1. Filter the helices (runs of 4 or more DSSP H) completely within the range 125-230 down to those with at least 2 residues that are surrounded by fewer than 14 Cβ atoms within 10 Å (Cβ to Cβ).
2. Does at least one position in the range 106-124 carry a residue that is of a type outside the set (Gly, Ala, Ser), open to solvent by less than 40 Å² (accessible area, probe 1.4 Å), within 19 Å of Val204 (Cα to Cα) and modelled with pLDDT of 90 or more?
3. Starting from residues that are open to solvent by 60 Å² or more (accessible area, probe 1.4 Å) and either in a loop (DSSP other than H, G, I, E, B) or acidic (Asp, Glu) (or both), keep the ones in the range 1-30 and report whichever is nearest to Cys93 (Cα to Cα).
4. Can you tell me how many residues within the range 31-47 are open to solvent by 40 Å² or more (accessible area, probe 1.4 Å) and in contact with a Phe, Trp or Tyr (Cβ under 8 Å, 6 or more places away or on another chain)?
5. Suppose we keep only residues that are polar (S, T, N, Q) and in a helix (DSSP H, G or I) within the range 70-124. Which one would you say is farthest from the chain's Cα centre (by Cα)?
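The values are calculated or read from the model by the stated rules, or taken from the named source; none is laboratory data. Everything numeric in this text was worked out from a predicted model, so none of it was measured. Glycine gets a Cβ as well: all are built from the backbone with ideal geometry, and neighbour counts include every protein chain shown. The accessibility values were calculated without ligands, DNA or RNA, using every heavy atom of the protein model including side chains. Shrake-Rupley method; radii C 1.70, N 1.55, O 1.52, S 1.80 Å.
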Amino acid sequence: MEEEYIRVIKITVIGVISWGLIFILIRRIFSNFSFDFSTRLVSTVHATVAVVLATLSIQDWSCPVCPIASTSSLRQMETLAFSLSYMIYDLICSHFDQVLRIDNAVHHSVCILGFVAGLFYKKCGSEMVAAIWITEISSPFLHLREILKEIGYRDTDLNLAADACFAIIFSLARMIGGPYLVYVTISADNPILIKAMALGLQLVSAFWFYKILKMMRYKLTKRSMSNKKST
């Protein structure tokens, strides 16, 4: 067991350093773009790899969140440590940006506490890996929509398509898959801290869902008015 914890600590520490170096490299390559542009590219890399690792760590494809409330496998713990390292890096990195978003800081803090709790108790590996898949599956589209704006595709059909893809995937994952996962986590024999983290993450997701609905309503209304003017 001690060897597993040492491996998790190594992955986390090396991961934080690696994410920092990747950001510095990307920042130098894309020096003409904003700070936010570079952080979004790093986040897209993490989201893509995290979804792949989460998919590979599923033990039972007939029930992706099974076995419930069970001892975490080594692969699941490694996946959690990988994402933990990114969350720590991103929380630190966000303090160097000009604008610190409170909702983002709360989300990262909840995720970090959840990862640490899951790794400490060495339980809920299936549920937490499923949570990574649910929360990260929409992230590439979230960042794509902002990246497109910065490279000159603001208010284009391509940007609207990215907005729509993000909104649909986020809604399906976070507001359908998310509540089910929270129910499974809370109703199972899991530590109270992990149950609290699951509920907290879902509340953050609900808040973002509300903001996304407002965003899409604004985008579609704006596009409709633009089309009427052009005709």
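1. Numbers: elements: 125-136, 139-148, 157-172, 178-187, 192-230.
Answer list for the range 125-230: 157-172, 178-187, 192-230.
2. Initially, the range 106-124 is screened for residues of a type outside the set (Gly, Ala, Ser), giving 106-108, 110-113, 115-116, 119-124.
Checking the rest, the ones that are also open to solvent by less than 40 Å² (accessible area, probe 1.4 Å) come to 107-108, 110-112, 115, 119, 122, 124.
Next cut, within 19 Å of Val204 (Cα to Cα) only: 107-108, 110-112, 115.
From what is left, the residues that are modelled with pLDDT of 90 or more are 112, 115.
Within the range 106-124 (the criterion being of a type outside the set (Gly, Ala, Ser), open to solvent by less than 40 Å² (accessible area, probe 1.4 Å), within 19 Å of Val204 (Cα to Cα) and modelled with pLDDT of 90 or more), the answer is yes, since at least one residue qualifies.
3. Taking the range 1-30 and keeping what is open to solvent by 60 Å² or more (accessible area, probe 1.4 Å), we get 1-3, 5-7, 9-10, 13-14, 17, 21-22, 24-25, 27-30.
Then drop every residue that is not either in a loop (DSSP other than H, G, I, E, B) or acidic (Asp, Glu) (or both), which leaves 1-3, 30.
Working: Met1: 32, Glu2: 30, Glu3: 30, Phe30: 17 Å.
The extreme case among them is Phe30.
4. Summing the residues that are open to solvent by 40 Å² or more (accessible area, probe 1.4 Å) and in contact with a Phe, Trp or Tyr (Cβ under 8 Å, 6 or more places away or on another chain) in the range 31-47 gives 2.
5. So in the range 70-124, the residues polar (S, T, N, Q) come out as 70-73, 76, 79, 83, 85, 94, 98, 104, 109.
Those left that are additionally in a helix (DSSP H, G or I): 76, 79, 83, 85, 94, 104, 109.
Numbers: Gln76: 16, Thr79: 13, Ser83: 9, Ser85: 13, Ser94: 15, Asn104: 11, Ser109: 12 Å.
Checked the range 70-124; the qualifying residue farthest from the chain's Cα centre (by Cα) is Gln76.
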